[in-house]
Amino acid sequence: MRGSTTSGVKVVPRGETMLALKARGILVNGSMNELREELYLTRRAIQYVVDALWELDKLPGINQLHQMFYKILRRQGFRAHQAKQIYKYALSIVKSAKNNGGRKPVLRKISTRLDKYDVVVNLEDQLIIAKLRNRVFKIKLIHNREYISKFMGRKWYEAVIGINKQGRIWVSIPFRWEYRPYKSERILSLDINLKKIVIYNGRGIRRMDTRFTEALYLKHFADKVQKHHSYAWRRNNKWLGIIRALHRRSRNIVVDWSWKFAKYIVLKAKRTKSTIALEDLERLWFNSSRKSSSLTDKLSRFAYRKLQLAIITKAIEYNVPIVFVNPKDTSATCPRCGAKLVYNRRLAICPRCGFMADRDSIGAMNVYLKALKHLVPSPGSGDTHPMTNETRPKGGLHKNEPVTARIKT
């Protein structure tokens with residue numbers, strides 16, 4: 001979802017993209033046991049194709065897949081297009097696992113993918129009619145009417161229907177979405193950490209507490225219970241249920257908070273006609289896991305990728321521009337003069353100009369400046385301050401005045 005620019009800053013490309021409508025569902029026609037049976041059979045069929053493809057040295061093309069599996073799946077009662085979805089999905093799973101050097105995939109979720117020939121989507125009545133083998137199921141979508149109305153009239157090509165561990169039906173339908181970000185006048189830069197998120201708009205700093213530490217505490221508590229009952233927790237349904245509930249609660253906190261914060265920051269950016277600037281943290285997990293196992297544990301609930309994905313999704317939905325800057329030296333460089341900072345615990349001090357701020361504020365300011373260079377390119381070696389037209393040192397704030405939030409693109 002990210003494209004690079006000539007300045008090295010990554011942006012979400014303009015134009016057509018995919019945005020998924022995800023909602024809970026209630027079965028209004030058909031048996032829940034029959035739906036679960038159909039989804040189990042579909043999962044078993046996908047796993048069968050995955051197992052067969054995993055043993056091959058060279059993966060086949062679509063035509064070869066059709067010859068290998070179509071008749072077998074049809075004999076099991078699957079509809080023609082459902083059979084095609086099964087072996088295409090299995091191929092994509094195997095390709096992904098082999099390209100990443102992973103082990104043979106084992107499917108856990110009970111779900112199925114249906115194309116437009118096997119499912120009818122009626123957003124006006126919030127109804128999904130799914131055809132699975134020789135059975136038909138009607139599912140009522142449970143979601144905000146105003147949110148669902150955003151997807152009316154848009155093109156879609158498949159629907160994913162599944163049942164989670166709590167026995168609830170969920171539906172996901174990817175729609176084609178036209179992403180046309182507006183012309184921004186300001187920048188909102190974010191420095192994301194485990195405990196806090198720092199927001200900088202060029203004039204001031206705002207700090208917001210995250211819920212990642214709360215989720216991390218629940219994960220550690222579950223690990224303690226598991227360690228304390230190391231011989232019994234697998235066979236004792238009580239302790240097994242407690243451990244699973246703690247992990248589920250931890251995961252739900254992360255997901256719920258990430259989407260709520262994403263909506264907050266995107267709507268704030270839209271009100272002020274701002275671009276959201278983030279650090280490009282794609283390799284954070286890989287780099288950190290090589291340095292410290294304790295840091296890797298913290299990153300397990302510091303869901304920076306999940307939060308960034310939520311922000312990107314909401315930005316596309318509301319046509320808010322978003323950029324990703326290189327995180328290198330964002331906490332090590334003085335935002336005023338560009339010198340290397342000296343730290344006393346979390347307090348940064350510049351030995352050249354005397355600038356002082358905490359580590360998170362320094363990161364948010366430098367993210368802001370890197371995004372500013374992309375949005376307001378200036379000739380020569382120095383950058384021109386957008387309000388005073390004075391030349392400031394390369395890579396830094398003006399000596400006597402902070403960068404203002406207003407820019408012209």
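The values are calculated or read from the model by the stated rules, or taken from the named source; none is laboratory data. For clarity, every value in this text was computed on a predicted model and none was experimentally measured. Quick reminder, even Gly has a Cβ in these numbers, built from the backbone with ideal geometry, and neighbours come from all protein chains shown. Just the protein is used for accessible areas: all its heavy atoms, side chains included, with ligands, DNA and RNA removed. Shrake-Rupley method; radii C 1.70, N 1.55, O 1.52, S 1.80 Å.
For LYS183, go through the lysines and keep the ones whose alpha-carbon is under 26 Å away, minus same-chain ones fewer than eight residues off.
Within reach: LYS10, LYS150, LYS260, LYS263, LYS268, LYS270, LYS273, LYS314, LYS370, LYS373, LYS394, LYS408.
In whole percent, how big is the carbon plus sulfur part of the accessible area of region 1-140, probe 1.4 Å, protein atoms only? Can you show the working numbers first?
Details: 3840 of 8200 Å².
C and S atoms contribute 47 percent here.
For LYS58, go through the lysines and keep the ones whose alpha-carbon is under 25 Å away, minus same-chain ones fewer than eight residues off.
Filter leaves LYS71, LYS84, LYS88, LYS95, LYS98, LYS104.
At 7 Å along the Cα-to-beta-carbon direction for both MET208 and LYS155, put a label point, then send me their distance in nm to one decimal.
Once both label points are built, they end up 3.5 nm from each other.
Can you list the aspartates and glutamates whose alpha carbon sits under 19 Å from that of LYS165, skipping same-chain ones fewer than 8 residues off?
Leaving aside aspartates and glutamates fewer than 8 places away in the same chain, those within reach of LYS165 are GLU34, GLU37, GLU38, ASP256.
Taking a spot 7 Å from the Cα of LEU127 along the direction of its beta carbon, which residues of region 23-55 have an amide N less than 12 Å from it?
Those under the cut-off are 28-29.
Once you sort the root eigenvalues of the Cα gyration tensor of region 1-94 as a ≥ b ≥ c, which label holds: rounded (a/c under 1.5), prolate (a/b larger than b/c) or oblate (the other case)? Mind dumping the intermediate values first?
On the way: a/c = 2.90, a/b = 1.36, b/c = 2.13.
Since a/c reaches 1.5 but b/c is at least a/b, the shape of region 1-94 is classed as oblate.
How would region 25-141 be classified by its alpha-carbon gyration tensor: rounded, prolate or oblate, with rounded meaning a/c under 1.5 and the a/b versus b/c comparison settling the rest? Could you put the intermediate results ahead of the total?
Numbers: a/c = 2.18, a/b = 1.89, b/c = 1.15.
Because a/c hits 1.5 or more and a/b exceeds b/c, region 25-141 counts as prolate.
Within 10 Å, count the other beta carbons around each residue, average over each peptide in 192-198, 57-63, and list them highest first.
Ranked by mean Cβ neighbours within 10 Å, highest first: 192-198, 57-63.
Could you tell me which of rounded, prolate or oblate describes region 184-259, using a ≥ b ≥ c as the square roots of the eigenvalues of the alpha-carbon gyration tensor, with rounded for a/c under 1.5 and, failing that, prolate when a/b is larger than b/c and oblate otherwise?
Since a/c reaches 1.5 and a/b is larger than b/c, the shape of region 184-259 is classed as prolate.
For ARG248, ARG352, ARG305, ARG14, write out the residues from largest to smallest accessible area, computed with a 1.4 angstrom probe and no ligands counted.
In descending accessible area the options line up as ARG352, ARG14, ARG305, ARG248.
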